[in-house]
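Working notes, structure below.
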Amino acid sequence: MANKKLVLLIVFIIFGFKISFAFDAETTHPKLTEEAVKFYNFYAKRKINPKELEWLKEGSKNEDFSPRWANHFYDPIHNIAINKKYFKGYIPKAGWNFIFGFVLPADPLKSIDWALNQEYQFIYYKLNRTFQKAIVSYFKNDYETAFKALGHVLHLLQDLGVPEHARGDPHIGRKIDPPSYFEDYAKNYLFSISLNIAEELYKEQITYKKFYDIYEIFNELAQFTANNWFSEDTINNDFPLPKIKYRVHLPGGYLYYGYNDLPLFFEDPSSNFKTTNHKIVTKTYNESILYKVVPYSASLIDKYFEKIEEIEKNPLLLSSYIYEIEDKNWFVGLLNQPLKLLLVIKGRIITTLWGNGEKLSKINFPSLSTLINSLKHPIITPPGKYVFNIANIYNLINSNNKQNIQQTNENAKETETTYFEEIISKSYDNLQNNQPINNLNLSENIKTEEVVNLNTEIKPTNTTPTLETENNKEKEEDNKEKLEEQKIVRGGGGYSYKDKCDEYKNKSYPKLIISEIQIETKENKDDEFIEIYNPNNQEVDITCWELEKYSSLSNPTDTPSSQILLPQTKSSGVIKPYSFYLIASKNYTGTITPDYIYAESYYISKNNSLVLKKPNGGISDIVGFGDNKDKIYKFEKNTFLFETLENKSLQRINYQDTDDNAQNFWLHKPNPKNSNFQEKPREDFIALDKVDISNFKVNVTSTEENIYLNINFKEPSSSLSTQNYLYEMLISTSSGFQNNLDLKEFGIPTPTLIAKLNGEDRNEIIEINKCPFNAEFYFGLRLKDLLDEENLSKIWYATFTLPTYFCEEENTQTNAKILISEIFVREGTSSNEYIELYNPNDFEISLNKWNLIKVNREGKEEYLFSTSTRSKYKLKGKIKPYGYFLIANSNNNLEKEFNISSDAIYSKDKDFAKNNKIKLINPINEIVDIVEWRDFNDKLILIRKAGIESTKESMKNEEKNFGNSYDNEENLEEFIEFDENEPQNSKSLPEIPPDYLTAVNFKTDKQNIILEFRSPYRKLDNAFYEIRKENNEKIEIKLPEVKNFGKKEIIEFNGCYFDLENGKKIIFNLLVNNETKNQYDLEIKNLNCAIYNADGNENMSWGSPSPTMVTKIAQEIKIDKESYMKRVKIKLSKIEKMEDDYVWLKIYSSKDGKPETGDLIYSTKISEQLIPKNFNPDWTEFNFDKKIKLDPGTYFFVFEREKLDEKIIYFSSKAKYWPSKENKHWHFLPIEGGWKYYIHPFQNTYETLAIIIE
């Protein structure tokens, strides 16, 4: 197993060094690390020495070892690690091995999590190089490992200065996935120069920033990079920033710039190709990012030594950095020295007892200086029973170790151990003498209090962490910092603490308010933020302000738990007038950078309360929110209640504050703002959900030509002068207004009305020019805010209907094809003249506003139907799919004459004559069809053909019900003159033109196969024919396209060429969009694939044999045309079987008219097992391994025996005559040698040899 892991690791390393995954490890990271150390040393008290620098640089190089670099990505915008979808060629659901070329030990982490996850790093081949490892190694005096591990973490941070790493873009640099051109440029740039970034920053008096934790460092650099540059695979896709501001024309394309005037990418418009691989982009990036990465790296080094100092002051803090698998034994060894351990924790316990009224349940961590000072000076309050408990605990742990105690007392400094060790020593003596602890004779300066006897068994307690203890960690950290900041003031023989916030408690502050709260998103329930707003015209110093959260109540009489989201120790700075202060959790994913980030464990949720306090504890604002008012602890007047959030946040309405949470908040799309934003409350703001109108009515009126919608209502009254509000008109088929209709469907050009807000009655008349369909409609009206799309009033509505005739007229179709299918014209009279229309589509078509135009012999045009919507004679109605519509002169008697009624009539004065023309036009006056006729006698009947080759006879018989759909777009030869009337109306049965083959016929002609059929009669998009064998093998022949509807088609092809056989089938398919629509299975019969056929006489009669001893026979064959030979069938015979005997078949070209004198074209050995025994000849078939091409000419087919025995007849004949074809006979080669030609070589012998070549 170990060998397998070693081999796998070597493979990872080999692949890893072929892939570009970060700033160059050999050049870029060491140089950036060196500059960061220089910059740090300019300001630090604890300098990094040259040896430590070399270890840091080495660690920064080694972090790129495979497969660690898979964890070098952190997209802060979406809070994810490396993103598979940005790998070009990515296949959904494919594993990491598809991208990297191998399987990872575990799924990749975000780089910030990778920097801190010891367990995960240990999975990656037990190579733990985390931030914690750097700290623990420092205290183990393993400084080399410590600084190398810190170098690894610096590498991770520096990588976030690369857009690919800050956007989760893999940039593999192999296959089709591009590399990072930014990294490539930085590598080449840094390789050739010496950096001087640290000195330049120092000269500009720039220092590195202090951060709360390394999460903030990683997050801030990643956000800066992700928001300012694209990576190669994330140009203009899923990220809100950067935004494109303008572009500059360059040779070959355009260079795009962002709002910060940074060049972003280059585009070649001819191919729409976008790339960051442009020298201006990469050069500008390099000049910008290096001066960011170095200070952030210095901040990380500073944070490292800050943690070291904290642990030096309080060693127990080291336990949180221990990784059990690696350091358990070392730490257990420390725990096994109880005196040493007790001395470590004594200061913490004593100070905690005095500071907390001897409540050991809440232990704080004082600074070392505070502890020392507390022990140097007299203590006014004596230790109580809990201090003696600690002494008792110590003695029980180490009851036989008094010598160690005394030795420790001697070695320890008096200022740190005298008092405590005195207690321990005296406790030990009393325990040994069975005296109670409360009899101890303590130092004179200590005034004792009454304590109980604690000489009892000490029982262990359960120390399993709870949610409360986890949440208290942040409080402990805050209290620790408070103690560190407190200064000792001596006097009166004791000491007291001075709070840094004392100077702010007596100041007067204007009110700040909580303006927006996001408690969750659909994707992450802990994605939250709180926005504080300064509604004053003066800035407010928020030093020592505090934001507290109260959890949900279990019952109304309880006091809920609380957490300090923004502690006084962390609150600092000022909020400018009308500006903001953004507080967010660590899981916040917004693009606006928070001003402060609180602990992840302090998440807020429904039924919580937020309290904003001034430095003196006075309340500035309270917001209580949720879905159950009985569970909300604090609020102003009324709680803000909601059921669901649906990715909304709680927002203060126009920053108003009336001390009523229910009235001051609403749910809006999240819009967080930090201290960089300023926004005054709107002076013209109206909360539209509180507005109402009265006397709202809607009705329809009409004139002879127009339809109107009358709207009546009373305007709401407002003293504001504003144009930022409009009425929005809505029309729907339901009162819920879920699926609203486009007002343009009614001919209403604009959907809004100006809001007057003058309190007066108002009447608006809106002209309706269209009707989409006949129904009852709901007309709605609502107020909308032009500056806030979510500020809307309710919808006031009423119903209305439009006249039926108007809706029928308006319901038209213009993009459909209709054909004139039959015309009946009579000379000298309009009686019973008619025009028949046919719908060749599979959908219904409305004829409203269609029309027919008659054109007389002089070219004068006249509409058959009136264009007025009020006219009696108007064309309206519908044609069913593949149905008919009959139009007749009003002077008709069709029912009596043809037993059919018309669907529409036109005026009787519009009759037809010779040399006329009819045009069919759609509602937008496009000519859809046209029919023209010349001279005729008494009457004329024209019927449109079903197909291109339709005749009068076929239309009466096989094509009778195929419809009249033939249309060649040229109006030529589309009609047949008929001798019988066949009018059809809308009640006639539909006639669907076949979309399949008709009149299919199949026959063979020797080697040829002939297919006859008629093409489909209606249009098929993406249609073609296909022929396949029975085994589904496709036969590649040229087939006609499906476009000549109803045309007779003939396909002829050589069946032998495609290896078809009698008794087999071919499949003739019509495919549409690659799916079989129609199929015909045709059996092959009478197919003859022989190139040459010479059969012997099958009527055998035996005589006395007189054999000729021959070893070879040959047949001369003439080929008339190019052929492909695939098999030979022969009849051979012999007297008895010979072992290991073979027959050779050889093909020669003809030369001098004799075998074996031409070129050898082909030869093959035929196994003797295939040759029949005795005088019992039968057909034997030999198949070639491939087709052999034979050009036109003469050939000899030679059969040659490999062995010869004079007693055996190898080839002989038993036919009465030798088979011949075109006077070419068999040739024999006797034993004596030399070819001889025989016409009748034997008499009275009857043995046959025959051959068929295919």
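General remarks:
- Residue within region 239-259 that is of a type in the set (Phe, Trp, Tyr), touching a Gly at 6+ places or on another chain (Cβ under 8 Å) and surrounded by 15 or more Cβ atoms within 10 Å (Cβ to Cβ) present: no
- Criterion applied to Lys697, Lys669, Lys673 was being crowded, with 16+ Cβ neighbours inside 10 Å and touching a residue at least 60 places away in the same chain (Cβ under 8 Å), and the one residue passing it is Lys673.
- Residues (aromatic (Phe, Trp, Tyr) and assigned to a loop (DSSP other than H, G, I, E, B)) located in region 527-551: Trp545
- Residues in region 959-993 that are more than 20 Å from Pro1016 (Cα to Cα) and not in a loop (DSSP other than H, G, I, E, B): Glu977 only.
- Criterion: in contact with a strand residue (DSSP E or B) (Cβ under 7 Å, 6 or more places away or on another chain) and either in the same structural domain as Leu730 (by TED's automatic domain parsing) or basic (Lys, Arg) (or both) - qualifying residue of Phe800, Phe773: Phe800
- Assessment of region 215-233 against the conditions (among the charged types (D, E, K, R) and more than 26 Å from the chain's Cα centre (by Cα)) yields at least one matching residue.
- Here Asn791, Asn763 are screened, and the one residue that is surrounded by 15 or more Cβ atoms within 10 Å (Cβ to Cβ) and in a strand (DSSP E or B) is Asn791.
- Test: residue in region 188-211 that is modelled with pLDDT of 90 or more, farther than 19 Å from Lys283 by Cα and either of a type in the set (S, T, N, Q) or touching a strand residue (DSSP E or B) at 6+ places or on another chain (Cβ under 8 Å) (or both): yes
- Residue check, Asn758 out of contact with any Ser or Thr (no Cβ under 6 Å at 6 or more places or on another chain), within 30 Å of Asn961 (Cβ to Cβ) and surrounded by fewer than 19 Cβ atoms within 10 Å (Cβ to Cβ): no
- Of the helices (runs of 4 or more DSSP H) lying entirely inside region 27-108, those containing at least 2 residues that are under 22 Å from Ser194 (Cα atoms) and modelled with pLDDT of 90 or more span 28-43, 50-62.
- Meets criteria (of a type in the set (A, V, I, L, M, F, W, C), surrounded by 18 or more Cβ atoms within 10 Å (Cβ to Cβ), under 26 Å from Leu989 (Cα atoms) and at pLDDT 90 or above) for Leu819: yes
- Yes/no for Asn1062 being at pLDDT 80 or above and either in contact with a strand residue (DSSP E or B) (Cβ under 7 Å, 6 or more places away or on another chain) or of a type in the set (D, E, K, R) (or both): no
- So Phe635, is it crowded, with 17+ Cβ neighbours inside 10 Å, out of contact with any Ser or Thr (no Cβ under 6 Å at 6 or more places or on another chain), touching a residue at least 24 places away in the same chain (Cβ under 8 Å) and under 25 Å from Glu789 (Cβ atoms): no
- Among (1) in a helix (DSSP H, G or I); (2) over 17 Å from Asn791 (Cα atoms); (3) not aliphatic (A, V, I, L, M), the one test that Asp621 misses: (1)
This table checks each residue for (1) acidic (Asp, Glu); (2) closer than 18 Å to Glu546 by Cα.
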residue: Ser572; (1), (2): no, yes
residue: Asp627; (1), (2): yes, no
residue: Lys634; (1), (2): no, yes
residue: Phe640; (1), (2): no, no
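- Ile930 being outside any loop (DSSP other than H, G, I, E, B), of a type in the set (A, V, I, L, M, F, W, C) and buried (at least 19 other Cβ atoms within 10 Å of the Cβ): no
The values are calculated or read from the model by the stated rules, or taken from the named source; none is laboratory data. Bear in mind the structure is a predicted one, so any value in this text is a computation, not a measurement. All Cβ positions, even for glycine, are placed from backbone atoms using ideal geometry, and neighbour counts span all protein chains on display.
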